[in-house]
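What follows is one structure encoded as structure tokens, with my remarks underneath.
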Ligand SMILES: [Zn+2]
């Protein structure tokens with residue numbers, strides 16, 4: 001049974017054909033973790049989880065939404081809406097039985113509003129991350145960590161906490177050196193369709209490094225995810241991603257680990273169930 005440990009089926013990208021997308025997932029008898037990025041998408045994630053048995057929810061505030069900024073990428077362009085983290089609001093939401101994690105939350109240095117000093121941004125992102133970590137601790141839930149261009153800062157922050165961290169670094173695309181440190185802190189690593197991409201001409205080493213991480217990652221610390229609607233695997237590149245595409249991620253891991261895809265599917269589903277206490 002496939003488990004997409006991180007997707008955003010509540011996003012507008014699915015507003016016209018949500019039922020068909022879900023049906024394609026149900027045909028594969030999948031489990032899904034629908035992850036919130038701010039309060040409204042967290043509320044919608046919980047609503048979906050309450051409605052569908054195979055859907056679980058995570059609630060949190062993504063660092064991109066701490067500031068108003070324009071995001072423009074290969075697959076998506078939007079204006080992020082600024083939000084302050086309201087501990088009690090999220091706590092109330094997270095008390096729902098189908099909520100399995102707090103997040104996504106973390107550090108994001110790739111998208112920063114023009115004119116904002118990096119130090120100030122880091123300070124704010126750290127504070128909001130720590131508040132969400134505290135909530136996760138209070139409710140005994142794992143945490144879903146987003147990191148972009150800030151691995152050293154995140155590792156330093158987690159070390160300052162000074163205890164093993166129960167959670168996952170989602171969409172891991174860093175090198176083995178950072179990966180080892182996250183693993184030592186007790187975290188899982190979540191892999192997306194990015195692992196199926198060919199090396200970038202401008203930076204071929206990045207993909208080599210990522211595949212090395214998969215080769216070295218202990219079997220009991222790997223999760224698979226799509227991060228849908230983003231990051232469709234190579235065979236669907238440029239399209240809107242859907243959770244069933246996570247099978248391509250399992251296939252790629254199986255190829256690197258020299259085993260059957262079915263075994264990777266089983267192991268990663270067990271890992272997700274263990275992390276999310278299902
Ligand atoms: Zn995400």
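The values are calculated or read from the model by the stated rules, or taken from the named source; none is laboratory data. This structure is a prediction, so every number in the text was calculated from the model and none was measured. Note that we place each Cβ from the backbone using ideal geometry, even for glycine, and neighbour counts take in every protein chain shown.
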Exercise. What do you reckon, is residue 25 over 21 Å from residue 145 (Cα atoms) and either at pLDDT below 95 or in contact with a strand residue (DSSP E or B) (Cβ under 7 Å, 6 or more places away or on another chain) (or both)?
Worked result: yes
Problem set entry | Counted residues, the stretch 35-60 - those being more than 12 Å from the ligand (Cβ to nearest atom), at pLDDT below 95 and buried (at least 21 other Cβ atoms within 10 Å of the Cβ) | 0
Exercise. For residue 125, which of the numbered conditions (1) part of a helix (DSSP H, G or I); (2) in contact (Cβ under 8 Å) with a residue 60 or more places away in the chain; (3) within 15 Å of residue 59 (Cβ to Cβ); (4) in contact with a helix residue (DSSP H, G or I) (Cβ under 7 Å, 6 or more places away or on another chain) fails to hold?
Worked result: (3)
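Among the residues of the stretch 1-34, which ones are closer than 19 Å to residue 247 by Cα and within 16 Å of the ligand (Cβ to nearest atom)? Before you say what the answer is, go through the steps one by one.
Our first condition is that a residue be closer than 19 Å to residue 247 by Cα; within the stretch 1-34, this holds for 1-9, 20-34.
Once the filter is applied, which keeps residues that are closer than 19 Å to residue 247 by Cα and within 16 Å of the ligand (Cβ to nearest atom), the stretch 1-34 yields 3, 4, 5, 6, 7, 8, 9, 32, 33, 34.
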Exercise. Looking at (1) within 16 Å of the ligand (Cβ to nearest atom); (2) touching a strand residue (DSSP E or B) at 6+ places or on another chain (Cβ under 9 Å); (3) modelled with pLDDT under 95, which is the only condition residue 75 fails?
Worked result: (2)
Problem set entry | Residues of the stretch 264-278 satisfying the condition of being without any contact (Cβ under 8 Å) to a residue 40 or more places away in the chain and either touching a helix residue (DSSP H, G or I) at 6+ places or on another chain (Cβ under 7 Å) or not in a helix (DSSP H, G or I) (or both) | none
